[in-house]
1. Give, as a single signed number, the net charge of other residues whose beta carbon lies under 12 Å from the beta carbon of Ser28, with Lys and Arg counted +1 and Asp and Glu -1.
2. If you stretched the chain out fully between Gln304 and Lys168, how much longer would it get, using 0.36 nm times the residue separation minus the C-alpha to C-alpha distance?
3. Residue by residue through region 131-139, what is 3J(HN,Hα) from phi via Karplus (6.51 cos²θ - 1.76 cosθ + 1.60, θ = phi - 60°)? Round to whole Hz and write x for glycine and proline.
4. Over region 247-302, what percent of the accessible surface lies on carbon and sulfur atoms, probe 1.4 Å?
5. Which residue, Glu258, Glu89, Glu249, tops the fluctuation ranking in a GNM of the chain built on C-alpha contacts under 10 Å?
6. Spin-label point model (7 Å from Cα, Cβ direction): what's the Asp266 to Lys114 distance in nm?
7. Name the long-range amide H neighbours of Met243: under 5 Å, sequence gap of 5 or more, or other chain; modelled H, no Pro or chain starts.
8. Can you give the relative contact order of region 133-270 as a percent, counting alpha carbon pairs under 8 Å and 6+ residues apart?
Amino acid sequence: MYRMPNVAGLGLSQFFQLSFNVKLARFSPFICLRIYLYLLGFLYFSLKRTDRMKILLCLNHVLRLNVKKQTSYLDSIKTFTGIFDHYFEKLIMAHRPLSKMIDFLRLRLHIKNKSYLDNVAKNGKGCIFVTGHFGAVEFLPLSLAMNGYKIALICRFKTKKLKEELIKRAREFDVVLIDASEPKVAFRALRAIKNGRILITECDEFSEWRPYPDKRISVFGHTVPQDRTLDFLYNRAKVPAFMGLMRREKRGFTLCIEPLADGRKDESLAARAWHRLEGYILNYPQQWYQWKDAATALSEYIIQDNKKKDTQEVPSISSECPVPSASLS
């Protein structure tokens, strides 16, 4: 008999990737799997009240401060279903046959400004391709690989099984996976670029930022220590950099590609990438799923804001360190 695991000790990613859910992901019709994950996700957050409150407090704070909008109940529901959509996409990307995922994406994918990557591929010098925890990011590597681009990907694996599955799939498309938890991440990333690959990396994992000692950046109207990871890669690789975000649409996905830097100027790629991503987040807040991480990074500001309003206390956030920790991602 299958027993429901203890949710208290599991993060959302591990919870969605339990063995029973993986089995369902392999065979269930998409609509049934999506509904099941929605129900499971709302059950998870009904039990994890602290995590739920962090997400809602941060969402309310950011939208009120930046777009002068009060978050409605429907906005909150859409934000959580957007988070669940991410794990739906992660599960089918890892466990459905690759041929079916390619057919699925070919019918639904539109690439905006594809010529930027065509020029990179033609020159053979590689580039840095910055993305974030936004939209259907799980489909981004396959979307590029099935269009013939040579890619490398810096990523983190929450489960050993997921890592094994993705490594198998990566080999089929000559995709280089770089585990951010292993040694020599920067060296392997630079080598991949030197070999003419498009290096995909994310810029919005606040908990993994390596902050400058003397530089700060604006995040949703507040200043926090600026990450130097992307700057380190950019200043050594000296290749063009682009932002690519897989925006969910009603009938599919649009991969939006925009230039960030030309590889020649000595500028902060980290600052440019975050500011560009922030604009997308404010326009499509339900497609970003880093609200919990952002709540920790902005905890002191959220607490001050709530004290001013005298509406409620948020001790669950104040127990977290607001300064991002250090690791390459």
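The values are calculated or read from the model by the stated rules, or taken from the named source; none is laboratory data. Owing to the predicted nature of the structure, the values given are computational and were not obtained by experimental measurement. Here Cβ is always computed from backbone atoms with ideal geometry, including for glycine, and neighbour counts include all displayed protein chains. What goes into the accessible areas is simple: the full protein's heavy atoms, side chains included, and nothing from ligands, DNA or RNA. Shrake-Rupley method; radii C 1.70, N 1.55, O 1.52, S 1.80 Å.
1. Working: positive: Lys23, Arg26, Arg34, Arg96; negative: none.
Around Ser28, the charge tally is +4.
2. Additional length available on full extension: 44.2 nm.
3. 9, x, 7, 9, x, 8, 4, 5, 8
4. Values: 1060 of 2430 Å².
The computed percentage sits at 43.
5. Glu249
6. Reported label-point gap for Asp266 and Lys114 is 3.9 nm.
7. Residues meeting the criterion, in which the H sits 1.01 Å from N, are Val130, Glu258, Leu260.
8. Values: 188 pairs, mean separation 31.6, N = 138.
23 percent.
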